[in-house]
Amino acid sequence: MTVVGVELTDDDAEAPRVIPCLLLEGDRLVKTQRFAEPAYVGDPVNVLSIFNSFEVDEIVLLDIGAARARTPTPIAQLRHYAEECFIPLGYGGGLSTLAEVEAVLAAGYEKVVLNTALDRHPELVSEASRVFGAQAVVASIDVVGGVGGAVRTEGATHDVGAGPVAWARRAEELGAGELLITSVDREGTMEGFDLELVAAVAAAVGIPVIAHGGAGRRKQLAEPITSASASAVAAGSLFVYQGTNRGVLINYPTRPQLERLMGR
Amino acid sequence: MSDVAVVDIGMGNVGSVANMVRKAGGTATVAADPAQLSGAPRVVLPGVGAFDEAMVRLRERGFAPVLDQLVERGDVPVLGICLGMQLLADRSEEGVEPGLGWIPGSVRRLPAEAPDGAPVKVPHMGWSRVSAPRAHPLIDELDADARFYFVHSYAYDPVDEGAVLLRARYGGRPIVAGVAAGPVMGVQFHPEKSHRHGLALLRSFLAAAP
């Protein structure tokens, strides 16, 4: 059984990505609700290794600890996490200089995730995009109040004075290759994605949009793709908890399950 | 002497490539100096970033002439990954620098519109299946449903259709996903990030006799 003579259809082009989004605090993975009350999930090496064995599409690691404390990026730790992970990885958390971006990418990560930098160091977005390629730069946008609401940085504590569509366009203009759109209101609630928000942002930009915040059931994973023009979906609680009672269970659909979920 | 020398010009996930070579049962040397290529039985040329920057670094750091010699001798298999595959071409629309020119062709930007006029997101970023027009030792171990992680804004357009090793599909069109001519091979996707499918490909590369 080889790939010789396989007939490809447009369904074989770029299946929508389904991405565990994990929150790092120091050397522990945690999970929040509406960006508050972090609860312990597990050891990063163990959890990443489990996702690696599940052959997930990609993982985004958001270092909420480093971002808040403005501590230097823990490069040696990150390199260690990446060593056994043969899947695409993205990392973000208070990155503010090109040297930090370079160090993260060299440590085994495909992408850096920039959030507060969009506000405080916008030139970093452009420079990183120019030097490493737009595909290495993910602009992360956290939104309070849905499509008509406000973008917040710094762990959703600082209002930048812009709405999500305008901020998304700004990120694209600065050179981001991809957007991670997170509904702060839905995050950790498992109440479903904010599809209106995702659709508005996806319609406003030409770069891929990853929908994030609110996935509570596996069948909801297809909704941002089929109903809101997202290119990918990310989830935290859905993949680290066994259900709304929030008992930790690292989980991910199998490839056939994902294909059924996405209607392929 | 390691099984594989991984060219390191500071662009690309050299560590991940080396890690996967090890996982595949081989030994890898990360070569930041062209002298480290001497005697290497196989070479991998990874790359992430801009075409011109990579070509400038390959030339300025002395890799280009050493690699040219290896390819001319013909007894050292060379595998380009992602931008590393694009560098095998004569030129790229992304920049002005000449490429290595080992597999004639040009690298062109992915069209932003499908044939039916629908908008296409660029870069192509995600997992795609592949198809091969003919057998080749590098792809012999791949499952029929093998899928790989792609992230690129440009694609190879080889002069000789016989140089096409693999195709994928994106934006309603076929795209070249792999090229091969003699000892020189390239894949547009990232085997080092495509878990067991990438591992199968790298295992075949390790088994490739010079």
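Restricting attention to the stretch A:230-260, and to residues there that are without any contact (Cβ under 8 Å) to a residue 60 or more places away in the chain and of a type in the set (A, V, I, L, M, F, W, C), which single residue is nearest to A:ASP57 (Cα to Cα)? Among those that are without any contact (Cβ under 8 Å) to a residue 60 or more places away in the chain and of a type in the set (A, V, I, L, M, F, W, C), it is A:LEU238. Residues in the stretch A:196-220 that are more than 14 Å from every other protein chain (Cβ to nearest Cβ), aliphatic (A, V, I, L, M) and surrounded by fewer than 24 Cβ atoms within 10 Å (Cβ to Cβ): A:ALA199, A:ALA200.
Could you go through the stretch B:148-159 and let me know if any residue there is modelled with pLDDT under 95 and of a type in the set (Gly, Ala, Ser). Taking every residue of the stretch B:148-159 in turn, at least one turns out to be modelled with pLDDT under 95 and of a type in the set (Gly, Ala, Ser). Scanning the stretch A:90-143 for residues that are small (Gly, Ala, Ser) and more than 17 Å from A:ILE59 (Cα to Cα) yields A:GLY94, A:SER96, A:ALA99, A:ALA103, A:ALA117, A:SER126, A:ALA128, A:SER129, A:GLY133, A:ALA134.
Looking across the stretch A:235-264, the residues that are within 19 Å of A:GLY213 (Cα to Cα), hydroxyl-bearing (Ser, Thr, Tyr) and not in a helix (DSSP H, G or I) come down to A:TYR241, A:THR244, A:TYR252. Checking each residue in the stretch A:10-24 for being more than 7 Å from chain B (Cβ to nearest Cβ) and assigned to a loop (DSSP other than H, G, I, E, B) picks out only A:PRO16.
Mind checking which residues of the stretch B:65-90 are surrounded by fewer than 17 Cβ atoms within 10 Å (Cβ to Cβ) and either assigned to a helix (DSSP H, G or I) or at negative phi (or both)? Result: B:PRO65, B:ASP68, B:GLN69, B:GLU72, B:ARG73, B:ASP75, B:ASP90. Against the condition within 11 Å of another protein chain (Cβ to nearest Cβ), in contact (Cβ under 8 Å) with a residue 24 or more places away in the chain, more than 27 Å from A:LEU179 (Cβ to Cβ) and assigned to a helix (DSSP H, G or I), how does B:LEU202 come out, does it pass? So B:LEU202 fits the description; yes. Looking across the stretch B:38-52, just one residue is under 13 Å from B:GLY12 (Cα atoms) and surrounded by fewer than 21 Cβ atoms within 10 Å (Cβ to Cβ), and that is B:ALA50. I'd like to check something: does the stretch A:135-144 contain any residue that is among the hydroxyl-bearing types (Ser, Thr, Tyr), modelled with pLDDT of 95 or more and in a loop (DSSP other than H, G, I, E, B)? No: zero hits. Counting the residues of the stretch B:40-92 that are of a type in the set (Val, Ile, Thr), more than 14 Å from chain A (Cβ to nearest Cβ) and within 16 Å of the chain's Cα centre (by Cα) gives 5.
Of the set (1) surrounded by fewer than 17 Cβ atoms within 10 Å (Cβ to Cβ); (2) at pLDDT 95 or above, all apply to B:GLY99 but (1). Looking only at residues in the stretch B:188-199 that are in contact with a helix residue (DSSP H, G or I) (Cβ under 9 Å, 6 or more places away or on another chain) and not in a loop (DSSP other than H, G, I, E, B), the one that is surrounded by the fewest Cβ atoms within 10 Å (Cβ to Cβ) is B:LEU199.
Taken as a whole, the structure places A:VAL3 among residues that are without any contact (Cβ under 8 Å) to a residue 60 or more places away in the chain, buried (at least 22 other Cβ atoms within 10 Å of the Cβ) and of a type in the set (A, V, I, L, M). Within the stretch B:162-172, the set of residues being touching a residue at least 24 places away in the same chain (Cβ under 8 Å) and assigned to a helix (DSSP H, G or I) comprises B:ALA163 only. Suppose the filter is touching a Lys or Arg at 6+ places or on another chain (Cβ under 9 Å) and of a type in the set (Asp, Glu); does B:GLU113 pass it? No: the conditions fail for B:GLU113. Please verify whether B:GLY12 is crowded, with 17+ Cβ neighbours inside 10 Å and part of a loop (DSSP other than H, G, I, E, B), treating the condition exactly as stated. When the stated conditions are applied, B:GLY12 passes them. Return yes when A:ARG68 is part of a helix (DSSP H, G or I), away from every other protein chain (no Cβ under 14 Å) and charged (D, E, K, R) and no when it is not. So A:ARG68 fits the description; yes. Close Cβ contacts (under 7 Å, 6 or more residues apart or on different chains) running from residues in the stretch A:97-115 that are more than 15 Å from A:ARG130 (Cβ to Cβ) to residues that are in a loop (DSSP other than H, G, I, E, B) and among the β-branched types (Val, Ile, Thr) comprise A:GLU100/A:THR73; A:ALA103/A:THR73; A:VAL104/A:THR73. Do we have any residue at all in the stretch B:174-187 that's touching a residue at least 24 places away in the same chain (Cβ under 8 Å), facing another protein chain (nearest Cβ under 7 Å) and either closer than 22 Å to B:ALA28 by Cβ or assigned to a strand (DSSP E or B) (or both)? No, the stretch B:174-187 has no match at all.
All of (1) without any contact (Cβ under 8 Å) to a residue 24 or more places away in the chain; (2) surrounded by fewer than 24 Cβ atoms within 10 Å (Cβ to Cβ) hold for A:VAL151 with one exception: (2).
I'm checking my understanding of the structure. Among residues of the stretch A:174-195 that are over 21 Å from A:ASN245 (Cβ atoms) and surrounded by fewer than 24 Cβ atoms within 10 Å (Cβ to Cβ), which one is nearest to the other protein chains (Cβ to nearest Cβ)? Among residues in the stretch A:174-195 that are over 21 Å from A:ASN245 (Cβ atoms) and surrounded by fewer than 24 Cβ atoms within 10 Å (Cβ to Cβ), the one nearest to the other protein chains (Cβ to nearest Cβ) is A:GLY175.
Would the stretch B:138-145 turn up any residue that is closer than 22 Å to B:ARG109 by Cα, in contact (Cβ under 8 Å) with a residue 24 or more places away in the chain, within 12 Å of chain A (Cβ to nearest Cβ) and out of contact with any Lys or Arg (no Cβ under 6 Å at 6 or more places or on another chain)? No - not one qualifying residue is present in the stretch B:138-145.
The values are calculated or read from the model by the stated rules, or taken from the named source; none is laboratory data. Worth saying up front: this structure is predicted, and the values here are computed from it rather than measured. Every residue, glycine as well, gets a Cβ built from its backbone with ideal geometry; the counts of neighbours run over all protein chains shown.
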